[in-house]
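The structure appears below as structure tokens.
The values are calculated or read from the model by the stated rules, or taken from the named source; none is laboratory data. Please read all numbers here as calculations on a predicted model, not as lab measurements. All Cβ positions, even for glycine, are placed from backbone atoms using ideal geometry, and neighbour counts span all protein chains on display. Heavy atoms of the whole protein, side chains included, go into the accessibility calculation; ligands, DNA and RNA do not. Shrake-Rupley method; radii C 1.70, N 1.55, O 1.52, S 1.80 Å.
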Amino acid sequence: QVQLVESGGGLVQAGGSVRLSCAVSGSISSINYMGWYRQAPGKQRELVAHIFRAGTTNYANAVKGRFTISRDNAKNTVDLQMNSLKPEDTAVYYCHAAIGVSNYALWGQGTQVTVSS
């Protein structure tokens, strides 16, 4: 069974940095794009950043200039480097992958990031 396995996260002070990592566990034919979403308490899940196979990226306006997404196609991993963190970045962060011709959505279990003021 294919799974997304996340690591990183935790508690950090405002202005600090955290790095999230996500790896595909299991055999998979084709990953079109990978990315990170987040969900804060009482809010809907929202896109943080995506990276496509060729390296094109897109970011939510709230994180532009502070977060950087990177991907290793050979290892099927995606990382999110988060700098200059703010309390409003506090959320559960979910890894996401779009698989195959139908862009089937695969999700990680989520990892908590808490930014204290």
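Yes or no: ALA60 over 11 Å from the mean Cα position of the chain (by Cα), surrounded by 11 or more Cβ atoms within 10 Å (Cβ to Cβ) and at pLDDT 95 or above?
yes
For SER117, the criteria (1) hydroxyl-bearing (Ser, Thr, Tyr); (2) open to solvent by 60 Å² or more (accessible area, probe 1.4 Å); (3) within 26 Å of SER25 (Cβ to Cβ) hold in every case but one, which is (3). With respect to VAL24, is the statement that it is of a type outside the set (Ser, Thr, Tyr), surrounded by 12 or more Cβ atoms within 10 Å (Cβ to Cβ) and not in a strand (DSSP E or B) true? Considered against the rule, which asks whether it is of a type outside the set (Ser, Thr, Tyr), surrounded by 12 or more Cβ atoms within 10 Å (Cβ to Cβ) and not in a strand (DSSP E or B), VAL24 comes out as no.
When you scan region 99-108, do you find a residue that is within 19 Å of VAL18 (Cα to Cα), crowded, with 21+ Cβ neighbours inside 10 Å and modelled with pLDDT of 95 or more, even just one? Looking through region 99-108, at least one residue is within 19 Å of VAL18 (Cα to Cα), crowded, with 21+ Cβ neighbours inside 10 Å and modelled with pLDDT of 95 or more.
Among the strands (runs of 3 or more DSSP E) confined to region 70-117, the ones with at least 2 residues that are touching a residue at least 40 places away in the same chain (Cβ under 8 Å), in contact with a Phe, Trp or Tyr (Cβ under 6 Å, 6 or more places away or on another chain) and farther than 17 Å from ALA54 by Cβ are located at 77-82, 91-99, 111-116.
Just one of the numbered conditions (1) without any contact (Cβ under 8 Å) to a residue 60 or more places away in the chain; (2) of a type outside the set (Val, Ile, Thr); (3) surrounded by 15 or more Cβ atoms within 10 Å (Cβ to Cβ) is not true of ALA40: (3).
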